[in-house]
Amino acid sequence: MTGDEVVYLGESTGLRGRLRSHGQKYRAESLSASWCAMENALAHQLKERETDLIGAFYKQVGEPPRFQYGGGVG
């Protein structure tokens with residue numbers, strides 16, 4: 001992985017645990033994250049935002065983030 005590679009886009013109500021889990025799962029030596037709190041958003045709005053971000057990434061790069069769908073391990 002390069003230092004500025006987007007490898008996953010998602011949502012979580014427990015960000016610290018989610019980052020720890022992904023770091024262990026994908027054997028990340030270091031991990032950087034960006035997030036936006038959407039405290040008043042409904043569940044379907046959060047899923048819509050996640051889907052929009054993945055779609056925009058795909059449109060720009062031509063493929064989903066490396067670990068988005070469980071791929072790229074190894």
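Can you pull out the residues in the range 3-19 that are surrounded by 10 or more Cβ atoms within 10 Å (Cβ to Cβ) and either under 19 Å from Asp52 (Cβ atoms) or more than 13 Å from the chain's Cα centre (by Cα) (or both)?
Across the range 3-19, the qualifying residues are Val6, Val7, Tyr8, Leu9, Gly10, Glu11, Ser12, Gly17.
Looking at the range 20-58 only, could you name the residues that are over 14 Å from Val6 (Cα atoms), exposed (fewer than 10 other Cβ atoms within 10 Å of the Cβ) and at pLDDT 85 or above?
Listed by number, the residues that qualify are Cys36, Ala37, Glu39, Asn40, Leu42, Ala43, His44.
Scan the range 12-52 for residues that are in a loop (DSSP other than H, G, I, E, B), closer than 21 Å to Glu63 by Cβ and in contact with an Asp or Glu (Cβ under 9 Å, 6 or more places away or on another chain) and report the count.
1
The values are calculated or read from the model by the stated rules, or taken from the named source; none is laboratory data. None of the values given here were measured: they were computed from a predicted structure. Glycine also receives a Cβ, built like all others from the backbone with ideal geometry; neighbour counts cover every protein chain displayed.
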